[in-house]
Ligand SMILES: Cc1cc2nc3c(=O)[nH]c(=O)nc-3n(C[C@H](O)[C@H](O)[C@H](O)COP(=O)(O)OP(=O)(O)OC[C@H]3O[C@@H](n4cnc5c(N)ncnc54)[C@H](O)[C@@H]3O)c2cc1C
């Protein structure tokens, strides 16, 4: 059995920080970083932290733009917990260690003749990190990743491993499926899977007016529909995907590299760089980028179509609005993105997700449209743009993606989530001392309330 390793991290030579997220905007200097590889190692690492009075945070692969995984206490890095523990073939269920990256999980499932029913844009996240922030793909009939879960094993601050499911503890289960890292350290996840399938995807440009008028129909008719719009253009780049039993007909590695790595990253990167230094060129370059993309087709195993490489680094905010407000929300965001003073050089992205029942899922009990805005990650240039989009989203009862930039706090969020109070009750039950709290959870959930000598007291913010 691999031994749990608890070690002092070496500081990054240039920054002095021990941990940075993918976009390098969030950083921290944890007192201790532990790398548990097993259930026993995870329990030991949690206990080591809590008995020493340190806060604990599990970090996934650091793909959140928010400080969701940041801590100055004990950081648990869980990528070593990456095994498939059980496969139930007739039931199409798998029990998996929660640190596995989605890409590894896809490949391992494929070898067992299984697949995840839907995925987001990339597959570099850990399973626990992805579900904890309600990571989603697109497809009006499909729910987010956390909705595919049947059971969760989670270690609380006292070192106890709880097995949560709809049968054992429905409230805790519906809280922990999208728990923002605030309830404990997830050791394993049991997921429903499906038989492997292929996706045929067409990427094509369509007139923006046609897409705005028809997006509801496109979202209903196609299994997985999404689109991008560059500001200052009247074209939408549509991704139209259908599930199929046809045999895979993958493009050559060179064609894939040209389309997905070079076009989606290098050209976009060059575009972003040029526009950073010559903002006046944004409208002309946007038109060029939108017109330059022809029709391309890809027919391959689902997981090879859903996810692609994102080498260009950026910052992002994404809001989830009721599907009924999709058109109004997208038009409003485009109006903002087209303001020349905001110098927006990145496209907006629009996706569709079905309602689910995790207490803090942004698509909780409502069919949803997600609108994402992106910006150069350097400096504070994104602020006026993101602030304007955020105010617009408030009009539609928009709920922010937990892993993407936003400025909402618990007072704003409480009214957006009908079961917010129930989530807090579960948190009080599973993590009464706030061992898994950090500044981000204190902002979005409020400070932990501890029972002391029969009274309640607010835990002081650090
Ligand atoms: C390039 C890029 C593309 C993206 N594409 C999409 C997309 O298509 N759709 C989408 O919805 N999102 C997308 N995201 C956002 C991303 O999926 C989420 O932010 C996700 O949470 C990142 O997973 P992670 O493993 O990096 O977790 P981290 O960012 O490291 O952590 C996220 C949260 O999970 C908690 N956590 C992690 N592991 C555990 C555990 N074992 N127990 C308890 N809590 C834990 C952390 O404490 C933290 O609160 C994208 C992000 C990037 C950078």
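The values are calculated or read from the model by the stated rules, or taken from the named source; none is laboratory data. For clarity, every value in this text was computed on a predicted model and none was experimentally measured. No Cβ is skipped: glycine too gets one built from the backbone with ideal geometry, and neighbour counts run over all protein chains shown.
At-a-glance table
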| item | result |
| --- | --- |
| Flag if residue 99 is surrounded by 21 or more Cβ atoms within 10 Å (Cβ to Cβ), touching a helix residue (DSSP H, G or I) at 6+ places or on another chain (Cβ under 8 Å) and outside any strand (DSSP E or B) | yes |
| Among residues of the range 80-90, those that are away from the ligand (no atom under 12 Å from the Cβ), in a loop (DSSP other than H, G, I, E, B) and at pLDDT 95 or above, counted | 1 |
| Residues of the range 409-432 satisfying the condition of being within 16 Å of the ligand (Cβ to nearest atom), buried (at least 17 other Cβ atoms within 10 Å of the Cβ) and either farther than 14 Å from residue 173 by Cα or without any contact (Cβ under 8 Å) to a residue 60 or more places away in the chain (or both) | 413, 431 |
| Condition broken by residue 154, with the remaining ones in (1) in contact with a helix residue (DSSP H, G or I) (Cβ under 7 Å, 6 or more places away or on another chain); (2) assigned to a loop (DSSP other than H, G, I, E, B); (3) touching a residue at least 40 places away in the same chain (Cβ under 8 Å); (4) within 14 Å of the ligand (Cβ to nearest atom) satisfied | (2) |
| Qualifying residues in the range 119-130 (those that are surrounded by 24 or more Cβ atoms within 10 Å (Cβ to Cβ) and more than 7 Å from the ligand (Cβ to nearest atom)) - the one modelled with the lowest pLDDT | 119 |
| Unmet criterion (only one of (1) in contact with a strand residue (DSSP E or B) (Cβ under 9 Å, 6 or more places away or on another chain); (2) within 12 Å of the ligand (Cβ to nearest atom); (3) under 30 Å from residue 31 (Cβ atoms)) for residue 135 | (1) |
| For residue 280: the one exception among (1) modelled with pLDDT of 90 or more; (2) over 23 Å from residue 65 (Cβ atoms) | (1) |
| Residues (in a helix (DSSP H, G or I) and within 21 Å of the chain's Cα centre (by Cα)) located in the range 319-366 | 323, 326, 329, 330, 333 |
| Complete set of residues in the range 297-318 that are part of a helix (DSSP H, G or I) and within 18 Å of residue 225 (Cβ to Cβ) | 302, 305, 306 |
